[in-house]
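Undergrad: The structure follows.
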Amino acid sequence: QESGRIKIKTMTKNNPPVVQGVAVASPYDHNNPSSTNDSQFNGSRGEKQPTRCRDPFFALLFYGQLGAMIACAIIYGPAAYQQYQFQGTSISGDASGYMKLASIVGVVAFVLSGIMLSVMMCIPQFMIKLALFFSLAMWIAYAVLAFMAANVVAGILGIIFVLLTMCYIRAVWSRIPFATANLVTGITAIKSNCGITLVAYFFAVLGVAWYYLWTLVTMGVFVTLYCTDGVCATDTINWGYMFLLLLSFYFTAQVIQNSVHVTVAGTVGTWWYSPEDANCCCSGAIIGATIRTMTTSFGSICFGSLIVAIVQATRALVNMMRQEDNSILLCLADCILSCIESLIEYFNKWAYVYVGLYGYPYLKAGKSVMELFRNRGWDAVIADDLVSNVLFMVSVVVGLVSGVIGWGILTGQQAQWFPTLTQPGDAWVGFFLGFLVGIIICSILMSVIGSAVNTVIVCFAEGPAEFHRNHPTLSQKMRAAWLGAYPGSV
């Protein structure tokens, strides 16, 4: 290391890189109006794009479907509060009990998510290690349950995944300090701009409101179309209507979650390059990033969200069909869709960092950030996504606790709120509803940390010198962790 300069080698087969760079004037300046034309990505760092709406067609498409759902809520919503029963099942009642249950569980999920956020900030390295063993425990439980159910094939597959997970833990164990350094840096950026968590809570409230609206519309539509004299037929479902409802649900949920991602990316980017503008609870960085998210970058958010939503809605429909006919073709379709969904989500989480940092359109953002990683030789680095394991574990734990609370509420209030749920086994409805609400709310809030860490990785790839100049202590820790994970790279 020399004064004012960070030396970094380029990755070879046996020599991973850090990044090379010299502290220069930051390209990350959303207040500079000098740029009037879209700049081309130079392969090493992004440039602030001119201020104008990106991918506006997809923003209009989102507003159109949201308006349609509001109209459906006005038209079909009242029917959801009628008494009904699904034919061939014990599930019955009206929407009021379910809405009360969802509201209570939603508040509980808020509190639990906030507590888990604080825990992650206090013991990040322990949480990363715990998440790895949590994944191992889940596969062990899967194998045990499969053998208990006399499903030998599933049990053998479970054992295979247990062994693979153990190999994975051993392979990435030496990289945990670097993942911890990323997590600590991301958390520090969030602490310096703690108001961003309020923005996340705002979007989480929107998520709860959307879940309420969507449930109201779905129940209302089904009661109106398929119920006669309070009895709802379940064997004449219109799969076209179901797909549109699912598409709307996932589309809006993805937009809400990705809006948090882009807002956090913009805030952390300012903290990285211009910390004097991002060092308080309600800093200008938070306000500016939120405004860009809801205006000029909103179309790009909707673009990527729609792609994921189409795959998710199709996969959900396939899973519903498998309940009636679990054929090999449907199983293969589910597997293929799952792989496609994972690939798109992987692309999106990096693309949205550049959307938040520089205001690129969706496709250009994804192409540029992938080119950055490829030029740096960081394919292996971004593949070691240890932090996402922590976020997944926390979301599942909050979802399970919320589900248990939902089960308890339904059991205790079954006679008052759910008078037509008379069987003891009907309590699973409360668990399922609680789990769904809990995991959705927690995933939105946990995305604050995940987005911050992803942004840290991108910024470290293109601006390590600025990081060393503005945050020398964190920079030294990250460089030391890097050398521990990739010795001999400097």
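Undergrad: At 7 Å along the Cα-to-beta-carbon direction for both L60 and A141, put a label point, then send me their distance in nm to one decimal.
TA: Simple spin-label model gives 4.8 nm for this pair.
Undergrad: Subtract the Cα-Cα distance of C335 and C282 from 0.36 nm times their separation in residues, and report this length gain in nm to one decimal.
TA: 14.7 nm
Undergrad: Compute the length gained on full extension between S342 and M320: take 0.36 nm times their separation in residues and subtract their Cα-Cα distance, giving the result in nm to one decimal.
TA: 5.9 nm
Undergrad: While we're looking at this one, here's another question. With r as the distance between the Cβ atoms of Q476 and L164 and R0 = 30 Å, compute the FRET efficiency 1/(1 + (r/R0)^6) and round to 0.05. Please report the intermediate quantities before stating the final value.
TA: Details: r = 35 Å, r/R0 = 1.18.
After rounding, the FRET efficiency stands at 0.25.
Undergrad: No solvent, one uniform scatterer per C-alpha: report log10 I(q)/I(0) for the stretch 240-384 via the Debye equation at q = 0.08, 0.09, 0.10, 0.17 1/Å, two decimals.
TA: -0.29, -0.36, -0.43, -0.96
Undergrad: Based on the Cβ-Cβ distance from V153 to L483, what FRET efficiency comes out when R0 is 56 Å, to the nearest 0.05?
TA: Working: r = 45 Å, r/R0 = 0.80.
With R0 = 56 Å, the Cβ-Cβ based efficiency is 0.80.
Undergrad: Gain in length, K191 to A68, computed as 0.36 nm per residue apart minus the alpha-carbon separation, to one decimal in nm?
TA: That works out to 40.4 nm of additional length.
Undergrad: By the gyration tensor of its Cα atoms, with a ≥ b ≥ c the square roots of the eigenvalues, what is the shape of the stretch 147-204: rounded for a/c under 1.5, prolate for a/b over b/c, or oblate?
TA: On the way: a/c = 7.62, a/b = 1.92, b/c = 3.98.
It is oblate, given that a/c is not under 1.5 and a/b is not larger than b/c.
Undergrad: Output the peptides 283-294, 176-187 sorted from most to least packed, where packing is the average of other Cβ atoms within 10 Å over each peptide's residues.
TA: Per-residue Cβ counts within 10 Å, averaged per peptide and sorted highest first, yield 176-187, 283-294.
Undergrad: Kindly state, to the nearest 0.05, the FRET efficiency for Y241 paired with L206, given R0 = 22 Å and r defined as their beta-carbon distance.
TA: Details: r = 25 Å, r/R0 = 1.11.
Approximately 0.35, to the nearest 0.05.
Every number in this text was worked out from the coordinates using simple rules, so none of it is lab data. For clarity, every value in this text was computed on a predicted model and none was experimentally measured. Neighbour counts are summed over all protein chains in view; Cβ atoms, including those assigned to glycine, are modelled from backbone coordinates with ideal geometry.
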